[in-house]
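J.: First the structure, which I've put down as structure tokens, then a few questions once you've had a look.
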Amino acid sequence: MNTPRPPRWAQRFLAWYCRPELLEDLQGDLNEYFDRHLRQYGPRRARWIYVLDVLKFLRLYTVRPPDFLHLSLHSIMLRSYLKTSGRSLVRNPLFSAINVIGLAISLSVGLLVLSMLADLFAYDDFLPNKAQVYRIVTSLQRQEGPGMELASTSLKAGKAIRENVPGLGAVTILRNGFGGDAQVGDRTLPLSGRWADGHLFQVLPYPLRQGNPATALQEPYSLVLTETTAERLFGTADALGQTVRLDTLDYTVTGVVRDLPKFSHLRFDVLASLATLENQMAAADGQDSDGDFLSWENVYMNYVYLTLPQADAVQDVEARLAQLCARENAQLPASAHLSVTLELQPLHDIVLGRTLSNPIGPTMIPLALWILSGLALVVILSACFNYTNLSIARSLRRSREVGVRKVIGALRSQVLGQFLIESVFISLLALGFAVVLFAVLRTQFLGLSSYLSDVFTLQLSFRLVAWFVVLAVVVGLVAGVLPALFFSRLPALQVMKNMSALPLFRRITLRKALIVVQYTFSLMFITTTLIGYQQYKSFVSFDLGYSTQNILNVKLQGNPTAPVKQALAALPGVGDISVSRMVTSLGSYYGSTVKYQDPQDSTNVWLNAVDEHYLPLHQHQFLAGRNFHPKAEGETESEVIVNEQVLKRFNIANQDPQQALGEVLKTDRKELTIVGVLKDFHYGTVESKIDPVLFRYSANEPGGYLNLQIVSRDLPTTRAQIEAAWKQLDPVHPLEARFYDDQIEEAYNQFSVMIKVIGFLAFLAICIASMGLFGMVVFTTETRLKEVSIRKVLGADEARLIYLLSRGFLMLLGLAAAVALPVTYLFFERVILPNFAYHPPIGWGALVLGTVAVGSIAALMIGSQTWKVARTNPADVLKSE
């Protein structure tokens, strides 16, 4: 086996250029020479001689002539196939229309999914070092309760990684929370952005129009603006070196970055140097509103990015991160019951990656994209099934054509190629209509949610159009492969005898199996839509444990509470008003660590800071105790109101609400006395369990909300009055006011969008399946027309004939329902609904309604055609017999 052989590429080259009639002799002679040279000179020189001999025999008498004749024959055959395909389309307008329309609809959905994928993979492509950039993500695990995975991390982690982890390129730290009203002269503009250190542009090289990227964010009180922000603040004047005042501080513009592309996961109006914040925290003894500024467990505000010059260094860096985490976790106090784990996340996985808390830009979980792609695939396959069904059903009409081709010498491969080319031709024809439908679908899809329009553009590009053509060709091949194999395998004798059907698995024909599969998926789609809508409506109308009716939540946007509250309370359409730090039950959380009697036992509790009007306004139910008493400004906080879960967590007074009054809880270095116990309510969305919640007193929450009870029935007038009052108090910020019920609906917007998408795809799948069924019914009734006429002559009535013709199709629909309904029910019960802590049971109405709807559509199509055939005059059919 180790005997040296001639170079294989030289052997292939010889076989490629040499005439077939000379090749065998020439190969034999050269192999003999190679063996002789191998013994004389060794393998290396023998191979060189062999290569030279192969090149030496490249002469006119050995080179095979160009295959122009075969190419000409292939082009003639291709024209013949296309001409035959066109004639078949014209000769069968109904079946052709069903195939083209079905493929066009399904291809438009496929184009939509391809466009989404193209957009998602285009994020951050404008960065030249995208493949080398990674983000630090944090896993936070407490002793009790589920862990958290966050896109953010601690400021201490970022600094420790920069100092202690070798092999890195550059490390940069960003932090949320920068923004406010920027003042330039007499111009005021609200800005939002992030703190960033001086290494930002080394890791994320956003192009600067002005300024030095190496020093733009090094010094305290430095500011980098985007082009649009600079133009809004300074007009056409040069922004570099100008002064911008935010709150009480003056910042100097040290850079102007070009506006970021749409497909950038990181977005901002302005960046401020992180050194500014570090100076402020040093002056405040390292304390901020979230606790210790530099603590290891303060992981909610900061984002760390780094570059790895070598891709194979990932494992080594993550091992170093594990060592760092072990060292820092060991230094945490035992009462923290906390461990922090750091990992690397590639930049290209940020947008299309796993779900993380505290995201810093648009994200989409891969599961959602897989589900959408799977549904689109089902719709495409449904159209392919239509083509397969109708093509095989028309085998009687196409059999003579195939037979004649085989009799005059057509090979099996040529018949196979004919029908594949025909299906690809029809698919490409459908692609033209699909592009028009895609333009309509694109607008409707982006209009489903502001989130979708923020993440996607779905714009066409040359590369995307090329993928569209590839998709159409693939769909054509998939749709045509079974008919092509069917016709190519038929012997010429059987074809000339008009063989009618291809049996599959004994008594079940291929056509029937495809119809069952189509309607099974269609029923699963429509049933999923109905069950999902039922669950969505239950979430929106769920009893949260308090009232949200006619409550308008007005965001203060940093304005002082008292004057805004006074101005809005004077309006005739406004009743009671309360103050709150946040709006609950929308999926936002604000928490704090709480202890009871055991200093080593602590837990994270959700909280909201409210005034004395909040609980009565929202009609929270007291199990024991009282509401907050009004407190003067500056008075020490001493009271807290809890829900039942707090008593259960710490077993306070054996969970007796009345006995729990007067007990003391410790949080944020304060001791607060329980003055009231509330009945459990939903702080978060209803898919999560009810957790421990605290209400703390605060009559003045800057940046929080005013909760207005609207008592007027003339909502447009009241809204206009509120906006007018707001503009007088704050001409800079537009009014942000939403009704509580509308905000709850928006909180479940992702479910609504998913239901709409699945419902739309269900509608398409049913339409495509129904068109295919209609074509099959038309074909079946036409082929049985003489049978029906003879039965009528022998005395069969119309009802009996309708039953006879439709029985087979109705049995197929029943079989599809018997498969689809249990599968859908089990899918929701075992996979979907266990993820929701509170949900109503699946109603049988949703299961039955979908079946009745699909069955009614199918029965209408079957009945219309069978009724038409059953009423045909037998004399008109049999007079030629």
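Each reported figure results from applying straightforward, stated rules to the coordinates on display, with no laboratory input. If you're wondering where the values come from, they're calculated on a predicted model, not measured in any experiment. Glycine also receives a Cβ, built like all others from the backbone with ideal geometry; neighbour counts cover every protein chain displayed.
J.: Between region 428-473 and region 1-43, what is the separation of their alpha carbon centroids in Å?
T.: Cα centroid of region 428-473 versus Cα centroid of region 1-43: 54 Å apart.
J.: Ranked by Cβ crowding within 10 angstrom, fewest neighbours first, how are C18, C384 ordered?
T.: On the way: C18 20, C384 26.
Exposure proxy ranking, most exposed first: C18, C384.
J.: Run the dipole for the chain about the Cα centre, Lys and Arg Cβ at +1, Asp and Glu Cβ at -1, nothing else charged, and hand back the magnitude in debye, nearest 20.
T.: With only Lys, Arg, Asp and Glu charged at Cβ, the dipole is about 6460 debye.
J.: Moving on. With a cut-off of at most 15 other beta carbons within 10 Å, and DSSP calling the residue loop, which chymotrypsin sites (Phe, Trp or Tyr not before Pro) in region 2-34 qualify? Please list them.
T.: On the way: sites: W9, F13, W16, Y17, Y33, F34; in loops: none.
Hits after loop and neighbour filter: nothing returned.
J.: Starting from the Cα gyration tensor of region 8-56, multiply each eigenvalue by 5, take the square root, and state the resulting semi-axes largest first in whole Å.
T.: In descending order the semi-axes read 20, 11, 7 Å.
J.: Follow-up question, since we're still on this one. Which residue, S450, F438, P616, has the largest displacement toward the positive end of the dipole of the chain when charges sit on each Cβ (Lys, Arg +1; Asp, Glu -1)?
T.: Toward the positive end, the furthest listed residue is F438.
J.: Using label points projected 7 Å from each Cα along Cα→Cβ, tell me how many nm separate Q658 and R830, to one decimal.
T.: Between Q658 and R830, the simple spin-label model gives 5.0 nm.
J.: Let me ask you something else. Kindly give the semi-axes, whole Å and largest first, of the ellipsoid equivalent to region 529-633, taking each as the square root of 5 times a Cα gyration tensor eigenvalue.
T.: Values: eigenvalues 137, 130, 43 Å².
So the equivalent ellipsoid measures 26, 25, 15 Å along its semi-axes.
J.: Right, next: What shape does region 558-735 have by the C-alpha gyration tensor, where a ≥ b ≥ c are the square roots of the eigenvalues, rounded means a/c under 1.5, and otherwise prolate means a/b greater than b/c and oblate the rest?
T.: prolate
J.: Would you calculate, for the chain, the mean residue ellipticity at 222 nm contributed by helices, counting each DSSP H stretch of 4 or more residues as -39,500 (n - 2.57) and dividing by all residues, to the nearest 500?
T.: Taking each H run of at least 4 residues, the total per residue is -17000 deg cm²/dmol.
J.: Name the residue from Q750, S789, L810 whose Cα lies farthest towards the positive end of the charge dipole of region 723-834, charges +1 on Cβ of Lys and Arg and -1 on Cβ of Asp and Glu.
T.: Towards the positive end, the residue furthest out is S789.
J.: Sorted from largest down, what three extents in whole angstroms do the Cα atoms of region 130-349 have along their principal axes?
T.: For region 130-349, the Cα spread along each principal axis is 54, 39, 28 Å.
J.: If you count, for each residue, the other Cβ atoms within 10 Å and average over each peptide, how do 207-213, 377-383, 787-793 line up from highest to lowest?
T.: So the peptides 207-213, 377-383, 787-793, ranked by packing, come out 377-383, 787-793, 207-213.
J.: Also, quick follow-up: Using just the C-alpha positions of region 515-575 as equal point scatterers, what log10 of I(q)/I(0) does the Debye formula give at each q in 0.13, 0.18, 0.19 1/Å?
T.: So the normalised log intensities work out to -0.64, -0.82, -0.86.
J.: Related question: Summing +1 for each Lys or Arg and -1 for each Asp or Glu, what net charge is found among the other residues whose Cβ lies under 12 Å from the Cβ of F456?
T.: 0
J.: Now for a separate question. Output the pairs from K786/K868; K648/K670; K512/K792; K159/K555; K130/K756 with a Cα-Cα distance over 24 Å in this structure; if there are none, say none.
T.: Values: K786/K868 14 Å; K648/K670 21 Å; K512/K792 27 Å; K159/K555 35 Å; K130/K756 35 Å.
Result: K512/K792; K159/K555; K130/K756 exceed 24 Å.
J.: Then there is this: Rounded to the nearest 0.05, what FRET efficiency do L715 and R258 have when you use their Cβ-Cβ distance and R0 = 56 Å?
T.: My answer for the efficiency is 0.80.
J.: While we're looking at this one, here's another question. Please arrange K868, K156 by how many other C-beta atoms lie within 10 Å of their C-beta, fewest to most. Don't skip to the end; give the middle numbers.
T.: Details: K868 11, K156 19.
So the ranking, lowest neighbour count to highest, is K868, K156.
J.: Additional query: When the dipole is taken about the Cα centre of region 86-228, and only Lys, Arg (+1) and Asp, Glu (-1) are charged at their Cβ, what size is it in debye, to the nearest 20?
T.: It comes to approximately 420 debye.
J.: Rank the residues M281, M811 as a footprinting-exposure proxy: fewest other Cβ atoms within 10 Å of their Cβ go first.
T.: Going from least to most buried by this count: M811, M281.
J.: Can you give me the C-alpha center-to-center distance between region 624-681 and region 93-166, rounded to a whole angstrom?
T.: 43
J.: Write down the percent of antiparallel bridges among all DSSP beta bridges whose residues are both part of the chain, to the nearest 5. Intermediate results must be reported in sequence, preceding the final value.
T.: Details: 77 of 97 bridges.
Antiparallel bridges make up about 80 percent of those DSSP assigns within the chain.
J.: Now, a different point. Which value, in debye to the nearest 20, describes the size of the charge dipole of region 517-635 about its Cα centre when Lys and Arg Cβ atoms bear +1, Asp and Glu Cβ atoms bear -1, and nothing else is charged? Don't skip to the end; give the middle numbers.
T.: Numbers: 7 positive and 8 negative charges, 58 e Å.
Once rounded to the nearest 20, the dipole reads 280 debye.
J.: Let me ask something else. Report the one residue of I421, P362, P572 whose Cα lies farthest in the direction of the positive end of the charge dipole of the chain (charges on C-beta: Lys and Arg +1, Asp and Glu -1; origin at the Cα centre).
T.: I421
J.: Here is a further query. Calculate, axis by axis, the spread of Cα positions in the chain along the three principal axes, and write the results as whole Å, longest axis first.
T.: Principal-axis extents of the Cα atoms in the chain, largest first: 103, 96, 60 Å.
J.: Using the Kyte-Doolittle scale, which helices in the chain average at least -1.0 and also have C-alpha atoms spread 27 Å or more along the helix axis, with helices defined as whole DSSP H runs?
T.: 68-91, 93-121, 366-393, 412-446, 462-489, 510-540, 749-783, 798-827, 844-870
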